Amino acid sequence: ATSRWKDQNQVNNSGARAAAAYDGLKYIESDWQTEEMNIRKYRINADEKFYKQEYCGCSFSLRDTNMYRKKEGLDPVVIGGGGVYSDPLGDAAEESPDVVDSFFRDLKSDESASWRRSRDIYRQRRKSQDAEKENNW
């Protein structure tokens, strides 16, 4: 299963390449981006008690996530403290289109001006402006 926010072609191409490296292994494409499959993913996560990481893992995501959570009156993310998935409907609601849209809208607000300046500084440090290249730093 994958997040509804991931590029589905990228996920499927990566899965097919990984499976091709092993005899007898076949990658099965599935559209996990439908609402029904999204709820199923959270049900599996809860049943298997998968670790729940509340941000992507990079320092920028941690900063942005905590900035958003503070504005929403939520406790900050604690590294390694995500716990496990336990409530499929609640977990799905935390990642709903409305919540994610609100998160990215906040990133465009005046409150995030400092963040945007930092982003622009790092963007200028790329080896190439072509963001598609691997290892562009």
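The values are calculated or read from the model by the stated rules, or taken from the named source; none is laboratory data. Fair warning: this is a prediction, and the values are worked out from it, not measured in the lab. Cβ placement follows ideal geometry from the backbone for every residue including glycine, while neighbour counts extend to all protein chains displayed. Surface accessibility is based on the protein's heavy atoms, side chains included, excluding ligands, DNA and RNA. Shrake-Rupley method; radii C 1.70, N 1.55, O 1.52, S 1.80 Å.
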Requested in this report: Scan segment 91-107 and report the pairs whose first residue is surrounded by 15 or more Cβ atoms within 10 Å (Cβ to Cβ) and whose second residue is at pLDDT 85 or above and not basic (Lys, Arg), with Cβ atoms within less than 6 Å and a gap of 6+ or a chain change.
Outcome: 91/42; 91/85; 92/39; 92/42; 103/68; 106/68
Report task. Note down all Cβ pairs under 8 Å where the first residue falls in segment 20-35 and is closer than 28 Å to residue 89 by Cα and free of Cβ contacts under 8 Å to residues at least 60 places away in the same chain, the second is basic (Lys, Arg) and part of a loop (DSSP other than H, G, I, E, B), and they're at least six residues apart or on different chains. Result -> 32/4; 33/4
Query raised in the report: Of the residues that make up segment 38-51, is at least one without any contact (Cβ under 8 Å) to a residue 24 or more places away in the chain and open to solvent by less than 60 Å² (accessible area, probe 1.4 Å)?
Result: no
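Return the residue satisfying two criteria in turn: it lies in segment 20-37 and is closer than 28 Å to residue 83 by Cβ and either among the β-branched types (Val, Ile, Thr) or part of a helix (DSSP H, G or I) (or both), and of such residues it is least open to solvent (accessible area, probe 1.4 Å).
Filtering segment 20-37 down to residues closer than 28 Å to residue 83 by Cβ leaves 30, 32-37.
Among the residues that remain, those that are also either among the β-branched types (Val, Ile, Thr) or part of a helix (DSSP H, G or I) (or both) are: 34-37.
On the way: 34: 58, 35: 103, 36: 148, 37: 34 Å².
Taking the candidates together, the pick is 37.
I need the full set of residues from segment 10-19 which are open to solvent by less than 40 Å² (accessible area, probe 1.4 Å) and without any contact (Cβ under 8 Å) to a residue 12 or more places away in the chain, in order please.
19 - this is the single residue of segment 10-19 that is open to solvent by less than 40 Å² (accessible area, probe 1.4 Å) and without any contact (Cβ under 8 Å) to a residue 12 or more places away in the chain.
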**Report entry** Of all residues making up segment 77-103, the number that are at pLDDT 80 or above and touching a Lys or Arg at 6+ places or on another chain (Cβ under 6 Å)
**Finding:** 4
Query raised in the report: Within segment 69-78, can you find the residues that are surrounded by 12 or more Cβ atoms within 10 Å (Cβ to Cβ) and of a type in the set (Val, Ile, Thr)?
Result: 77
Query raised in the report: Scanning for something under 13 Å from the mean Cα position of the chain (by Cα) and modelled with pLDDT of 85 or more, does segment 104-117 turn up at least one residue?
Result: no
